[in-house]
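Enquirer: I'd like to ask you about the structure that follows.
The values are calculated or read from the model by the stated rules, or taken from the named source; none is laboratory data. Model, not experiment: these values are computed from the prediction. With ideal geometry, Cβ positions are generated from the backbone for all residues, glycine too; neighbour counts draw on all protein chains shown. Please note that ligands, DNA and RNA were not included when accessible areas were found on the heavy atoms of the full protein model with its side chains. Shrake-Rupley method; radii C 1.70, N 1.55, O 1.52, S 1.80 Å.
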Protein chains: 2
Amino acid sequence: MSSPAPAGKAPAGASRAAGSVSGKDVRLAAETWESLFRSQVAVMRRLQSGPAFKKLPVNEYDVLFTLSRCPTGKLRLNEINDHVLLSQSSLSRLVDRLEKRGLVERSIAPEDGRGILLGLTEAGLELQKEIGREHVRDIAELLLPALTAAEQQELMRLTEKLRAKLPG
Amino acid sequence: MSSPAPAGKAPAGASRAAGSVSGKDVRLAAETWESLFRSQVAVMRRLQSGPAFKKLPVNEYDVLFTLSRCPTGKLRLNEINDHVLLSQSSLSRLVDRLEKRGLVERSIAPEDGRGILLGLTEAGLELQKEIGREHVRDIAELLLPALTAAEQQELMRLTEKLRAKLPG
DNA sequence: GGACGATAGATGCAAATGCATCTAGTTTGG
DNA sequence: CCAAACTAGATGCATTTGCATCTATCGTCC
């Protein structure tokens, strides 16, 4: 967690390619990110402490969730890894745990012998749905009283745009 | 982690106190949170991998940063803990590490003998500023091309409002 | 087609994290 | 004023994480 920006004046000899970047611009970006970051922390803290995640840690649920939304039902480990804030090795071991609990199954990627396809088992799908139901309820309890529908729409639009326009 | 919402229909027998909550409301909230969450992960992943955080892990920087913005320069551990996505014990040990590196100092809270006040040392302040400068530059590089100034303002407003209206 | 560099994932090992518990100081109730 | 309940933070210990490295497959270039 380190979103914040310090107080430096920074006339900054940074990129002057197209539109030159002012200190004001930089400060706004830093404050915006900090606000986004702190909100995420605050919401996540509350969600994590709910009863929904006694059954499965949040990171592990997220993998089940991600698989559940995928149309084909199977994803490569590296695709999942982009989605999640975990190192490659941590994800690998997290999947070990899920597999040992019988919630997911590894299989070899048909088009790439190095790759691993991960899919939900029946039990994994059940558990995902079960936790998911509680989870959504918790989310709604936090967001509905805080933001109007229009504000939520706008927040979603902005965060989607941000994500879409990131490099990589 | 686990932001997402599953696909359940959920006519939901939930709270019907004031304005009744529709399935649509719930779905919008869940999608909004997922988008916020994924954006945060995507941005954080890029920030973390930058050179700014080779010197100090992100969580540790965040504590230094938090202290640096506090007017009095000192904060209670439990106050810091609210800010950060870490358990109480993890924060306690994180502070041990910072203290061993000479970046912060513990002192006893004057009004409460149980409490610990944490303050930056000179070295801690220096390091915070140094990392902070790079960090802000990285943030600006990610956000400026993605969102206009007006959009950033709005994103900041919405995330601030969300955080302010959370229970607790 | 065989060597060379790149990529997907797994693994050894040290460090970080969380849960449960412990200690010590504070507040409350009688 | 003392005991019981509560709060702030520290600590033992098992689990999780990340870095570095390793193995195996893929792609390329000659």
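Enquirer: Show the residue pairs that are 6+ apart or on different chains and have beta-carbon atoms under 8 Å apart, the first residue being within the range A:103-116 and among the aliphatic types (A, V, I, L, M), the second being at pLDDT 95 or above and part of a loop (DSSP other than H, G, I, E, B).
Expert: From the range A:103-116, the pairs are A:LEU103/A:THR121; A:VAL104/A:THR121; A:ILE108/A:GLY115; A:ALA109/A:GLY115; A:ILE116/A:ALA109.
Enquirer: Give the residues of the range A:100-123 that are within 16 Å of DNA strand D (Cβ to nearest atom) and touching a Ser or Thr at 6+ places or on another chain (Cβ under 9 Å), sorted by residue number. Quick ask: steps written out before the conclusion?
Expert: Step one: of the range A:100-123, the residues within 16 Å of DNA strand D (Cβ to nearest atom) are A:100-104, A:106-118.
Within the range A:100-123, A:GLY102, A:LEU103, A:VAL104, A:ILE116, A:LEU117, A:LEU118 meet the criteria.
Enquirer: Show the residue pairs meeting these rules: Cβ distance below 6 Å; 6+ apart or different chains; first residue within the range A:121-150 and within 7 Å of chain B (Cβ to nearest Cβ); second residue open to solvent by 40 Å² or more (accessible area, probe 1.4 Å) and small (Gly, Ala, Ser).
Expert: What qualifies is A:GLN128/A:SER68; A:ARG133/B:GLY8.
Enquirer: Further question on the same structure: Taking B:ASN59 as the residue in question, decide whether it is touching a residue at least 12 places away in the same chain (Cβ under 8 Å), near DNA strand C (Cβ under 8 Å from one of its atoms) and in a helix (DSSP H, G or I). Before the answer, list the steps.
Expert: Details: touching a residue at least 12 places away in the same chain (Cβ under 8 Å): yes; near DNA strand C (Cβ under 8 Å from one of its atoms): yes; in a helix (DSSP H, G or I): yes.
Taking the combined requirement at face value, the residue satisfies it.
Enquirer: Which members of the range A:50-102 meet the condition of being polar (S, T, N, Q) and within 9 Å of another protein chain (Cβ to nearest Cβ)?
Expert: The initial filter retains those residues of the range A:50-102 that are polar (S, T, N, Q), namely A:59, A:66, A:68, A:72, A:78, A:81, A:87-90, A:92.
Across the range A:50-102, the qualifying residues are A:ASN59, A:THR66, A:SER68.
Enquirer: Give the range B:39-65 a look and list any residue that's open to solvent by 60 Å² or more (accessible area, probe 1.4 Å), touching a Ser or Thr at 6+ places or on another chain (Cβ under 9 Å) and within 22 Å of B:THR159 (Cα to Cα), or say none.
Expert: The initial filter retains those residues of the range B:39-65 that are open to solvent by 60 Å² or more (accessible area, probe 1.4 Å), namely B:45-46, B:48-49, B:51, B:54-55, B:57.
From what's left, touching a Ser or Thr at 6+ places or on another chain (Cβ under 9 Å): B:48, B:57.
Within the range B:39-65, just B:GLN48 meets the criteria.
Enquirer: While we're looking at this one, here's another question. For residues that are facing chain A (nearest Cβ under 7 Å) and closer than 21 Å to A:ARG163 by Cβ, tally how many sit in the range B:154-168.
Expert: 9
Enquirer: Against the condition under 30 Å from B:GLU141 (Cα atoms) and without any contact (Cβ under 8 Å) to a residue 12 or more places away in the chain, how does A:LYS100 come out, does it pass? Break it down stepwise before answering.
Expert: Details: under 30 Å from B:GLU141 (Cα atoms): no; without any contact (Cβ under 8 Å) to a residue 12 or more places away in the chain: yes.
It is false that A:LYS100 is under 30 Å from B:GLU141 (Cα atoms) and without any contact (Cβ under 8 Å) to a residue 12 or more places away in the chain.
Enquirer: If B:LEU28 satisfies every condition in (1) at the interface with chain A (Cβ under 7 Å from one of its Cβ atoms); (2) among the hydrophobic types (A, V, I, L, M, F, W, C); (3) in contact (Cβ under 8 Å) with a residue 24 or more places away in the chain but one, which is the exception?
Expert: It fails just one condition, (3).
Enquirer: Here is a list: B:SER20, B:SER107, B:SER90, B:SER68. Which entry is in a strand (DSSP E or B) and open to solvent by 10 Å² or more (accessible area, probe 1.4 Å)? Walk me through it before giving the result.
Expert: On the way: B:SER20 fails: in a strand (DSSP E or B); B:SER90 fails: in a strand (DSSP E or B); B:SER68 fails: in a strand (DSSP E or B).
Of the residues listed, the single one that is in a strand (DSSP E or B) and open to solvent by 10 Å² or more (accessible area, probe 1.4 Å) is B:SER107.
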